[in-house]
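> Below is the structure I would like to discuss, written out as structure tokens.
The values are calculated or read from the model by the stated rules, or taken from the named source; none is laboratory data. Predicted model, so just to flag it, every value in this text is computed and none were measured. In this analysis, Cβ positions are derived from the backbone assuming ideal geometry, glycine residues included, and neighbour counts consider all displayed protein chains.
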Amino acid sequence: MKLILNVLAIAALALATGCTTSPKDLSRSSGPTETCPVCRYQNDLACVCVRVKDDTPRTEYHGQTFYFCSEDCRTTFLKQPQKYLPSTAKP
């Protein structure tokens, strides 16, 4: 029973602090997509794919543009960018 409660608590925390892009948002619109590096690193498959629009959170790092599912993920990335870079993009 304790294990089930722990799993439910972790799931609730993930939902409360997860990204803001829902799968139905992606299926409704067309346009370019990118991968949120923070969600990819955290294996948050629900919001790895980000539709790029004018208001999509983004940042430039070492000449490359990175897109994020939320401002929270952008802020997290900016604190430790090296942690979230794919091994091929690390300088």
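> Just for segment 40-57: of the residues that are farther than 14 Å from Tyr84 by Cα and of a type in the set (Lys, Arg), which one is nearest to the chain's Cα centre (by Cα)?
For segment 40-57, the residue satisfying everything is Arg51.
> Right, here's the next one. Mind checking which helices (runs of 4 or more DSSP H) fall wholly inside segment 31-91 and carry at least 1 residues that are hydrophobic (A, V, I, L, M, F, W, C) and in contact (Cβ under 8 Å) with a residue 12 or more places away in the chain?
37-41, 71-79
> Right, next: Check Thr65 against each of (1) modelled with pLDDT under 80; (2) surrounded by fewer than 13 Cβ atoms within 10 Å (Cβ to Cβ) and name the one condition it does not meet.
Thr65 satisfies every listed condition except (1).
> Would you pick out the residues in segment 21-39 that are at pLDDT below 50 and closer than 23 Å to Gln80 by Cα?
Result: Thr21, single match.
> State whether one or more residues within segment 54-70 are acidic (Asp, Glu) and either touching a helix residue (DSSP H, G or I) at 6+ places or on another chain (Cβ under 8 Å) or under 10 Å from Cys36 (Cβ atoms) (or both).
Within segment 54-70, not a single residue is acidic (Asp, Glu) and either touching a helix residue (DSSP H, G or I) at 6+ places or on another chain (Cβ under 8 Å) or under 10 Å from Cys36 (Cβ atoms) (or both).
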